[in-house]
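Before any comments, here is the structure.
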Amino acid sequence: MNNPFVLNQLLHLMNENYQKDANYMIAKTMLNHFDELPAMTIQDVADICFVSCASISRFVRLLGYSGFTEFKRSCEKSLGIETDYSLEVKRAKKEDLLPIYSRFTEQSIQNIQNAFETVDVEQMDRICTWMKEADRIAVFGLEFASVIGLHIQSRMARMGKIVETSLDLQEQMEVALYLGNQSVALLVTMEGGFLCLELSN
């Protein structure tokens, strides 16, 4: 598995591990040294985590990797992904930020208007019918989009329809394995991240 979203996996494991066991401590330590991981050996990581190399091997397999080398490649790929902020914003002086934010706001409003004008009401009605008749519904998304999935799950539960989702990519992939011909999959994407993930594999 070559997963560019390994950072999210580590954050998810840390956030969901209320008992703060060994896996919690390994995840937290890796996050504190995340930018250094691609250059570290398994012994280096074991030393800073105060565990054995075998414990690190078990940990990365828990995350779905075949071994430490594959895990390191995913860390390196994750660090290579551009942030959400453009170079224009990064290099802007304080007095230049207001026009940039103003232009961004105008573009966001225009995007919403464009989306509204192109909504296919009949297609939306068909999708609602499919969801009503589906035996299973699942929502997939990465990072912020996965939080939107939780919102959809909550709203659908109020209408008596159970939706499956998760903040963790690996768990989402496991959900997908159980979808059939009568199931509905909703893909929420802000920037096409799921498509990029599929192409990278």
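The values are calculated or read from the model by the stated rules, or taken from the named source; none is laboratory data. Keep in mind it's a predicted model, so treat the numbers as computed, not measured. For neighbour counting, all protein chains shown are included, and Cβ atoms are generated from backbone atoms with ideal geometry for every residue, glycine included.
Taken together, 55, 78, 102, 66 contain a single residue that is modelled with pLDDT of 85 or more, among the polar types (S, T, N, Q) and under 24 Å from residue 32 (Cβ atoms), which is 55. Once the stretch 49-66 is narrowed to residues that are part of a loop (DSSP other than H, G, I, E, B) and of a type in the set (A, V, I, L, M, F, W, C), the residue that is nearest to residue 10 (Cα to Cα) is 63.
Name every residue in the stretch 14-42 that is part of a helix (DSSP H, G or I) and among the hydroxyl-bearing types (Ser, Thr, Tyr), in order of residue number. Break it down into steps so the answer makes sense when it comes.
Initial filter on the stretch 14-42 (part of a helix (DSSP H, G or I)): 14-16, 22-32, 34-39, 42.
Hits for the stretch 14-42 are 24, 29.
Within the stretch 12-57, being more than 21 Å from residue 143 (Cβ to Cβ) and either among the acidic types (Asp, Glu) or in contact with a strand residue (DSSP E or B) (Cβ under 7 Å, 6 or more places away or on another chain) (or both) holds for 21, 36, 44, 47. Restricting 60, 45 to those that are buried (at least 18 other Cβ atoms within 10 Å of the Cβ), within 20 Å of the chain's Cα centre (by Cα) and modelled with pLDDT of 90 or more reduces the list to 60. Taking the listed residues 157, 138, the one that is more than 17 Å from residue 172 (Cα to Cα), aliphatic (A, V, I, L, M) and touching a strand residue (DSSP E or B) at 6+ places or on another chain (Cβ under 9 Å) is 157, with no other qualifying.
Residues checked against (1) touching a helix residue (DSSP H, G or I) at 6+ places or on another chain (Cβ under 9 Å); (2) not aliphatic (A, V, I, L, M):
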site	(1), (2)
131	yes, no
138	yes, no
149	yes, yes
162	yes, no
177	no, no
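For a quick check of your reading of the model, give me the residue pairs whose first member lies in the stretch 85-97 and is closer than 19 Å to residue 190 by Cα, whose second is modelled with pLDDT of 65 or more, with beta-carbon atoms closer than 8 Å and at least 6 apart or on different chains. Final answer for the pair search is none.
Restricting the first member to the stretch 156-183 and to residues that are closer than 22 Å to residue 127 by Cβ, and the second to residues that are surrounded by fewer than 16 Cβ atoms within 10 Å (Cβ to Cβ) and β-branched (Val, Ile, Thr), the beta-carbon pairs closer than 9 Å and six or more apart or on different chains are 156/162.
Here residue 93 meets the list (1) modelled with pLDDT under 95; (2) over 26 Å from residue 166 (Cβ atoms); (3) surrounded by 11 or more Cβ atoms within 10 Å (Cβ to Cβ) almost entirely, failing just condition (3).
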